[in-house]
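> Right, I'll just put the structure down here and ask away after.
A short reminder: the numbers here are calculations on the coordinates, not readings from a lab. Quantities reported herein were computed from a predicted structural model and do not represent experimental measurements. Because the Cβ atoms are built from the backbone with ideal geometry, glycine has one as well, and the counts that use them run over all protein chains shown.
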Amino acid sequence: MAEAEWESLERCLEKHIPPAELRNVKRVLYGKETRKLDLPSRAFEAASKEDFELQGYAFEAAEEQLRPPRITRVGLVQNRTPLPADTPVAEQVSALHRRIEAIVEVAAACGVNIICFQEAWTMPFAFCTREKLPWTEFAESAEDGPTTRFCQKLAKKHDMVVVSPILERDGEHGDVLWNTAVVISNSGAVLGKTRKNHIPRVGDFNESTYYMEGNLGHPVFQTPFGRIAVNICYGRHHPLNWLMYSINGAEIIFNPSATIGALSESLWPVEARNAAIANHCFTCAINRVGKELFPNEFTSGDGKKAHREFGYFYGSSYVSAPDGSRTPGLSRCQDGLLVAELNLNLCRQMNDIWNFKMTGRFEMYAREFAEAVKPNYTPNIVKE
Ligand SMILES: NC(=O)NCCC(=O)O
């Protein structure tokens with residue numbers, strides 16, 4: 001049941017919990033109810049024709065006297081890799097471009113302003129194999145690689161900000177590889193890029209074999225639809241990573257990911273949601289879907305037999321708001337587009353209620369951290 005046959009927690013709750021109690025269960029598990037968005041029927045028809053799930057929800061905020069509502073729509077895309085991992089590289093990339101193009105068309109029909117794809121979306125998640133070729137051939141220039149050029153066209157055509165997480169090859173600086181999200185403005189210009197700060201050393205996520213820890217800090221991108229940041233996958237386990245994007249002013253933090261059930265499914269609903277609460281911002285958690293099979297066997301360093309498959313990517317993409325409410329997740333087993341309408345005024349409203357930025361005592365932690373990272377630091381343990 002840990003794989004594709006279990007569709008989602010939400011479907012399970014809806015099937016088995018009596019309606020009168022379901023309301024309370026959802027109130028506790030999901031916070032204040034999100035309103036279902038009235039998306040165009042042609043969008044649902046296109047999604048069904050293209051065989052992906054479409055869901056839409058809106059987060060409300062209180063009316064203010066001096067500020068009009070600041071409404072923006074985000075789109076989260078989760079998908080399988082459409083072709084087997086041993087198909088020629090260019091064919092795999094091109095099939096993924098076609099798949100995403102179809103989903104972005106539907107997002108445009110739903111009025112999406114900012115769209116984000118899953119981590120390393122142009123490739124299978126081959127870092128488990130520890131082989132270099134052909135996987136490093138999926139790396140591209142963030143500034144003018146084929147995928148960035150493709151996304152620029154989408155952005156311009158649909159007047160949409162595109163967040164495109166790719167494996168980056170920095171040809172100008174020693175051909176070094178990075179795990180990067182390229183942010184493309186709705187004008188079609190490359191607004192900038194941000195790199196994955198924390199690299200997993202867990203299970204089959206052998207990513208340090210391929211690319212380095214990000215060196216760009218915590219940039220936040222000002223777009224006409226809000227200030228956005230990207231905390232790539234494993235970065236979501238690091239509260240300080242979310243915090244620094246928030247300190248730099250992010251109102252929406254995307255978390256494009258690739259993670260599997262056995263490792264992280266019970267953490268998934270907690271981490272991005274907690275980050276939204278702790279940082280008075282919206283967070284958008286995106287995970288890929290399905291099983292990916294690799295041409296050659298690899299071991300997991302656990303004494304077990306060599307195998308060719310990574311594990312089950314469980315989808316379940318969702319959006320959380322600064323008041324702790326969240327959308328239901330997309331399916332665990334189907335490609336999908338989640339549209340969420342956010343009123344960004346909710347960020348400051350929650351800040352004014354809970355005051356975490358005022359009560360955070362950052363100066364105290366800055367002093368204590370500065371001491372704690374020194375090699376001769378003695379932990380402050382009081383003994384009898
Ligand atoms: N892609 C990636 O960083 N995965 C690590 C596993 C996890 O963070 O759940």
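> Yes or no: the range 207-215 includes at least one residue that is within 24 Å of ALA285 (Cβ to Cβ) and touching a helix residue (DSSP H, G or I) at 6+ places or on another chain (Cβ under 6 Å).
Yes: one or more hits.
> When the residues of the range 100-113 are filtered to those that are out of contact with any Gly (no Cβ under 7 Å at 6 or more places or on another chain) and surrounded by 21 or more Cβ atoms within 10 Å (Cβ to Cβ), which remaining residue is farthest from SER300 (Cα to Cα)?
The qualifying residue farthest from SER300 (Cα to Cα) is ASN113.
> What is the one condition in (1) touching a residue at least 60 places away in the same chain (Cβ under 8 Å); (2) in a helix (DSSP H, G or I); (3) within 20 Å of SER257 (Cβ to Cβ) that CYS151 does not satisfy?
Condition (1) is where CYS151 drops out.
> Yes or no: GLU265 acidic (Asp, Glu) and under 30 Å from VAL28 (Cβ atoms)?
Yes.
> A further question on this structure: When you scan the range 260-280, do you find a residue that is without any contact (Cβ under 8 Å) to a residue 40 or more places away in the chain, more than 14 Å from the ligand (Cβ to nearest atom) and among the β-branched types (Val, Ile, Thr), even just one?
Applying the first criterion (without any contact (Cβ under 8 Å) to a residue 40 or more places away in the chain) to the range 260-280 yields 264, 266-267, 270-271, 274.
Filter once more, so that each one left must be more than 14 Å from the ligand (Cβ to nearest atom): 274.
When the remaining residues are screened for being among the β-branched types (Val, Ile, Thr), the result is none.
For the range 260-280, residues without any contact (Cβ under 8 Å) to a residue 40 or more places away in the chain, more than 14 Å from the ligand (Cβ to nearest atom) and among the β-branched types (Val, Ile, Thr): absent.
> May I ask you to list the residues in the range 210-238 that are more than 14 Å from the ligand (Cβ to nearest atom) and either crowded, with 19+ Cβ neighbours inside 10 Å or under 25 Å from ASN343 (Cβ atoms) (or both)?
Across the range 210-238, the qualifying residues are HIS218, PRO219, VAL220, PHE221, GLN222, THR223, PRO224, PHE225, GLY226, ARG227, ILE228, ALA229.
> Something else now. Is it the case that CYS333 is of a type in the set (A, V, I, L, M, F, W, C), away from the ligand (no atom under 16 Å from the Cβ) and out of contact with any helix residue (DSSP H, G or I) (no Cβ under 6 Å at 6 or more places or on another chain)? Steps first, answer last, please.
Details: of a type in the set (A, V, I, L, M, F, W, C): yes; away from the ligand (no atom under 16 Å from the Cβ): yes; out of contact with any helix residue (DSSP H, G or I) (no Cβ under 6 Å at 6 or more places or on another chain): yes.
Yes; evaluated as a whole, the condition is true for this residue.
> Mind listing just one residue for me: the one in the range 184-209 that is β-branched (Val, Ile, Thr) and more than 19 Å from TYR234 (Cα to Cα) and, of those, farthest from the ligand (Cβ to nearest atom)?
VAL190
Each row is one residue, and each column tells you yes or no for (1) under 18 Å from GLN55 (Cα atoms); (2) in contact with a helix residue (DSSP H, G or I) (Cβ under 9 Å, 6 or more places away or on another chain).
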| position | (1), (2) |
| --- | --- |
| HIS237 | no, yes |
| ILE253 | no, yes |
| THR283 | yes, yes |
| PRO295 | no, no |
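> Of all residues in the range 105-150, which are of a type in the set (Val, Ile, Thr) and touching a helix residue (DSSP H, G or I) at 6+ places or on another chain (Cβ under 9 Å)?
Listed by number, the residues that qualify are VAL106, VAL112, ILE115, THR122, THR129, THR147.
> Take the range 107-153 and flag every residue that is within 16 Å of the ligand (Cβ to nearest atom), at positive phi and small (Gly, Ala, Ser).
Answer for the range 107-153, where residues must be within 16 Å of the ligand (Cβ to nearest atom), at positive phi and small (Gly, Ala, Ser): just ALA120.
> When only residues in the range 153-168 that are of a type in the set (D, E, K, R) and closer than 16 Å to THR122 by Cβ count, which is farthest from the chain's Cα centre (by Cα)?
If we take residues in the range 153-168 being of a type in the set (D, E, K, R) and closer than 16 Å to THR122 by Cβ, then LYS153 is farthest from the chain's Cα centre (by Cα).
> Which members of the range 198-208 meet the condition of being part of a loop (DSSP other than H, G, I, E, B) and touching a residue at least 40 places away in the same chain (Cβ under 8 Å)?
Hits for the range 198-208 are HIS198, GLY203, ASP204, ASN206.
> Then there is this: Would you confirm, using the coordinates I've provided, whether GLU101 is in contact with a Leu (Cβ under 8 Å, 6 or more places away or on another chain) and among the acidic types (Asp, Glu)?
When the stated conditions are applied, GLU101 passes them.
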